[in-house]
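Every read-out reported here was derived from the displayed coordinates using simple, explicitly stated rules and does not represent laboratory data. Note that the coordinates shown come from a computational prediction; the quantities given were computed from them, not determined experimentally. We place every Cβ from the backbone using ideal geometry, glycine too, and count neighbours over all the protein chains shown.
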Amino acid sequence: MDSIQNTYVKLLAFDFLSLSVKSSSSSFSSDPTCFYRKGRPVSRIETVGVVVSRELKGNKFLKFLIDDGTGCIPCILWLNHLDSPYFSRRNPSDVRLLAEIATKHASDVQLGVLARVRGRITAYRGNLQITVSDVLIERDSNAEILHWLDCIKLASKCYDVRPRQIC
Amino acid sequence: MACSEIKPGILVSLQDLRPSSPFFKQGVSLRVTGKLQEYSVETAIAIITDENIRLKIDTQHLRNLNLRLGSIYQFIGELCIENNNEATLQARVGRDVDGIDLSLYSQSLQLLRKFQADHLNNQNA
């Protein structure tokens, strides 16, 4: 397996939005399953940027946009843990805890805050998005600059390097 | 999807906003950074500066943002250019960025632009 496949890759929005998508083997499925950056599979992302829109859909999910200056990344934060069949077989106290954490993340995501968002790369109606697992509000005004530098360095030293070239 | 229509605020310094600049266009979405010099509660117009260059910011759509003279702010919004070539940014988002290292910011912005341009060139090659 490629070493970057299951890590949270730090990508700028323009880089994230140009990932290529390969659909699953069934030609009837509209759900793409694999995402590639310059031919290397990626599945998780970390981004830092300003929240420029937020839209709460009942108690089911929060949709928001992260603007990092190079693009806007759509993010979806699910809030339906207590009603979703997906969680029904898990320990109820764990599910309650997950629901509480997601609710806290949703209240942290306000217009204008600088947010670090981690999550799975997914696609909805052909548009790339992040299915959010973690949100951290950055208080340090320099955090975004350091994220840009991380993205630039990681691209040249790691993501752009073919796996067999890595020692 | 309504939110996909929101354009990213291109990162610019106030020095980039001369009338001859490619960023100086009606309706362009920008993110600007500067020190708050003036603010009028009546008009909601703020003036930010960076190295003696001034920009008018219309803050009427901003909520929950305390504007303090002398602090550094970042605004994202659309540029509105009047007949006399005077520009105002119609801000939709604003935040206090006191503590930002402006020299690191402008140097990193150059690196970021080069990285983005190289990426696009490689894609088109």
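Note on region B:54-125: Kirkwood hydrodynamic radius from all Cα pairs is 14.8 Å, rounded to one decimal. Here's how it looks for A:Lys10: its modeled amide H is under 5 Å from those of A:Glu46, which are all 5 or more places away or on a different chain. Cβ-to-Cβ counts within 10 Å put B:Arg54, A:Arg54 in ascending order as B:Arg54, A:Arg54, the fewest first. Would you look at the GNM of chain A, springs on alpha carbons closer than 10 Å, and say which of A:Arg44, A:Arg96, A:Arg120 moves the most? With Cα springs under 10 Å in chain A, the top fluctuation among A:Arg44, A:Arg96, A:Arg120 is at A:Arg96. One equal scatterer on each Cα of the protein assembly as shown, no solvent, Debye formula: the resulting log10 I(q)/I(0) at q = 0.15 Å⁻¹ is -1.22. Between A:Ser84 and A:Val21, the simple label model (points 7 Å from Cα in the Cβ direction) yields a spacing of 1.9 nm.
Dividing the summed helix terms, -39500 (n - 2.57) for each DSSP H run of n ≥ 4, by the number of residues in the protein assembly as shown produces a 222 nm estimate of -6000 deg cm²/dmol to the nearest 500. Using a cut-off of 28 Å between alpha-carbon atoms, which lysines can reach B:Lys56, once sequence neighbours fewer than 8 places away in the same chain are excluded? Answer for B:Lys56, where 28 Å is the Cα cut-off: B:Lys7, B:Lys25, B:Lys35, listed by chain and number. Neighbour counting of Cβ atoms within 10 Å sorts the residues B:Thr43, A:Thr33, A:Thr122, fewest neighbours leading, into B:Thr43, A:Thr33, A:Thr122. Note that region A:117-167 carries a Kirkwood radius of 13.5 Å, evaluated over its alpha carbons pair by pair. Mind checking the log10 I(q)/I(0) for chain B at q = 0.16 Å⁻¹? Debye, one equal scatterer per Cα, no solvent, two decimals. Debye output, listed in q order: -0.82. For B:Gln37 and A:Gln110, a Förster radius of 25 Å and the Cβ-Cβ distance give a FRET efficiency of 0.40, rounded to the nearest 0.05. With both labels modelled 7 Å from their Cα along Cα-to-Cβ, the B:Asn84 to B:Leu120 distance reads 3.4 nm. Counting only Cα atoms, the size of region A:8-159 along its three principal axes is 44, 44, 25 Å, in decreasing order.
Springs between alpha-carbon pairs under 10 angstrom, Gaussian network model over chain B: which of B:Leu104, B:Leu14, B:Leu65 fluctuates most? Per the Cα network of chain B with a 10 Å cutoff, B:Leu104 tops the list. Across peptide A:142-153, the average count of Cβ atoms from other chains found within 10 Å of a residue's Cβ is 4.
Straight Cα distances below 18 angstrom link A:Lys57 to the lysines A:Lys104, with same-chain residues fewer than 8 positions distant left out.
For chain B, a Gaussian network of Cα nodes joined below 10 Å ranks B:Gly99, B:Gly77, B:Gly27 by mean-square fluctuation, and the top entry is B:Gly99. Using a Cα-Cα cut-off of under 20 Å, which aspartates and glutamates could be cross-linked to A:Lys38, ignoring same-chain neighbours fewer than 8 residues away? A:Lys38 reaches A:Asp2, A:Asp15, A:Glu46, A:Asp150, A:Asp160, B:Asp118. Among the residues of A:41-54, the average count of other protein chain beta-carbon atoms within 10 Å of the residue beta-carbon is 2.
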